[in-house]
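The values are calculated or read from the model by the stated rules, or taken from the named source; none is laboratory data. In this text, all values refer to a predicted model and were calculated from it rather than measured experimentally. Glycine gets a Cβ as well: all are built from the backbone with ideal geometry, and neighbour counts include every protein chain shown. The accessibility values were calculated without ligands, DNA or RNA, using every heavy atom of the protein model including side chains. Shrake-Rupley method; radii C 1.70, N 1.55, O 1.52, S 1.80 Å.
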Amino acid sequence: MAGFSTRHVVLSAIRAGYEVCAVDHFCDADLRKHTVCCMPFEELAELPIRIREMCGRYAIDAIIPTSGAEILENLPAPVFGTDAQTARQFLNKGFVQDWFSGLAIPVPPLAEPGEFPAMLKPLSGSGGWRNTIVSSPSDIDAWKEAFPDEPFLLQRIVQGIPASVCVVAGCGRAQALAVNRQILRGEGPYRFGFAGSLTPFDHPLQDQMISYAERAAAASGCLGILGIDFMVSDSEVYAIELNPRFVATLDTIETATGINLVKIHLDACQGVLPDAMPVPKQYALRRILFADRQCAVLDDLSFLAPGVADIPVPPASFEEGSAVISVYGSGPDPASAQMALDTTIRVVGQYIR
């Protein structure tokens, strides 16, 4: 597994019976514990170098890319997933806007010149952390100063709940696997950044989201697991992005449904797709905890797994706003899952100093 964050895919592959090496930006404690080898990198430019080092050290059968590795080419082992050329298209939000429209899938309209407020999004990148609402030309200038030479688009703001559909695609076909509510940070400069998920997401328009997601995935040319992001209100569904890689909602999908996404992904790479969408057995919640101040974790929190993941290697220090750890809760309904999550958060909070 190779990418900025691989832990969720690595643990799925291990549950599917594979031995795994990882090239990962974080190399958290649980990733180190479960991999044959975990090799860290700092900047994305180092990623292909580290992949080649890993393939030189071990007999690697296949590479599965995650975020940051989708468009790497000429790697020293077969890549199982969407090819780099196809993935590159869908990492461009301007292309995705026009592409969804060509499939008659609604998207947030582009803002007219001088129309404010508007949603500003960089054309490339993932996770939503650079998205922002701008209310004047000076707001746009401030964003340009923070991210110079970064192309962007401006969309009209649409109201709704962030959601996603996980799909598996191959051979011009697609099968939805789960509908998820996406939890965003909600405040601060990175308020549109991903911060967790709820699976399943019960919504009156979930069938519409599934229909759009399967139509898009089947037409995309993508292979294996991918995700389609939406904004959904009581009456409208807008497609936001197509992510040609393993979804960040993997943890809650597998906990809620009992399926294994790596197995499904590898089957799809061999031309085999599931016959139907799995029926959830329970509700599953994940929250990423972010530091509300400069803080530290001095203890190994591995004993709290599987209630936690992305476990920092102690002693670990965090600047305000940095991701600290992922926490989980599950139950027969969303309220029970939330109660279990809150309990884990209280326990983890005792170890954040």
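Annotations
- Counting only lysines at least 8 places from LYS33 when in the same chain, those with an alpha carbon closer than 22 Å to its own are LYS263.
- Theoretical FRET efficiency, 1/(1+(r/R0)^6), r = Cβ-Cβ of GLU320 and ASN74, R0 41 Å, to 0.05: 0.55
- Label point of ASP300 set 7 angstrom out along Cα-Cβ; within the range 26-42, amide nitrogens under 17 Å from it belong to 27-38.
- Distance between the range 203-235 and the range 276-336 - C-alpha centres, whole angstrom: 27 Å
- A simple spin-label model places pseudo-atoms 7 Å from Cα toward Cβ; at GLU150 and TYR18 they are separated by 3.1 nm.
- Over the chain, volume per residue of the alpha carbon convex hull, in Å³: 137 Å³
- Summarised in one figure, the compactness ratio Rg/Rh of the range 125-169, Cα atoms and Kirkwood Rh, is 1.06.
- Extension reserve of the ALA142-GLU236 stretch, reckoned as 0.36 nm per residue once the Cα distance is removed: 30.6 nm
- Counting charges near GLN182 (Lys, Arg +1; Asp, Glu -1) among other residues having Cβ under 14 Å from its Cβ returns a value of +2.
- Calculated over the range 289-353: convex hull of Cα atoms, volume per residue (Å³): 74 Å³
- Around the Cα centre of the range 249-316, unit charges on the Cβ atoms of Lys, Arg, Asp and Glu (plus for the first two, minus for the last two) sum to a dipole of about 140 debye.
- Inter-site label distance for ASP333 and ARG293 at 7 Å from Cα along Cβ, in nm: 3.7 nm
- Segments 342-350, 271-279 sorted - mean Cβ within 10 Å per residue, highest first: 342-350, 271-279
- Residues in the range 140-164 that a label on LEU44 would reach, taking backbone N under 13 Å of a point 7 Å out along Cα→Cβ: 150-151
- Carbon plus sulfur fraction of accessible area for the range 140-275, probe 1.4 Å, in percent: 48 percent
- Kirkwood hydrodynamic radius of the range 16-103, from inverse mean 1/r over distinct Cα pairs, in Å: 14.5 Å
- In this calculation the C-beta distance from ALA219 to VAL347 is compared with R0 = 56 Å, giving a FRET efficiency of 0.80.
- Of the peptides 293-300, 144-151, 220-227, the ranking by mean beta-carbon count within 10 Å, highest at the top, reads 220-227, 293-300, 144-151.
- Here the simple spin-label model places points 7 Å from the Cα toward Cβ, and for ARG88 and ARG191 these points are separated by 3.6 nm.
- Considering only alpha-carbon pairs that sit under 8 angstrom and 6 or more positions apart, the relative contact order computed for the range 218-299 is 25 percent.
- Coupling constants for the range 83-93 follow from the phi torsions by the Karplus curve (6.51 cos²θ - 1.76 cosθ + 1.60, θ = phi - 60°), and in residue order they are 5, 4, 5, 5, 4, 4, 4, 7, 8, 9, 5 Hz; glycine and proline get x.
- Within straight-line cross-link reach of LYS121, lysines at Cα separation under 26 Å, skipping those fewer than 8 residues along the same chain: LYS93, LYS144
- Span per principal axis, largest first, for the Cα atoms of the range 241-301 (Å): 48, 27, 26
- Ratio of Rg to Rh over the range 216-265 (Cα coordinates, Kirkwood Rh, two decimals): 1.02
- Bins of 5 Å, starting at 0 and running to the largest distance - Cα pair percent for the range 51-180: 2, 8, 13, 18, 18, 13, 12, 8, 5, 2, 1, 0
- Charge dipole (debye, nearest 20) of the chain; +1 at Cβ of Lys and Arg, -1 at Cβ of Asp and Glu: 540 debye
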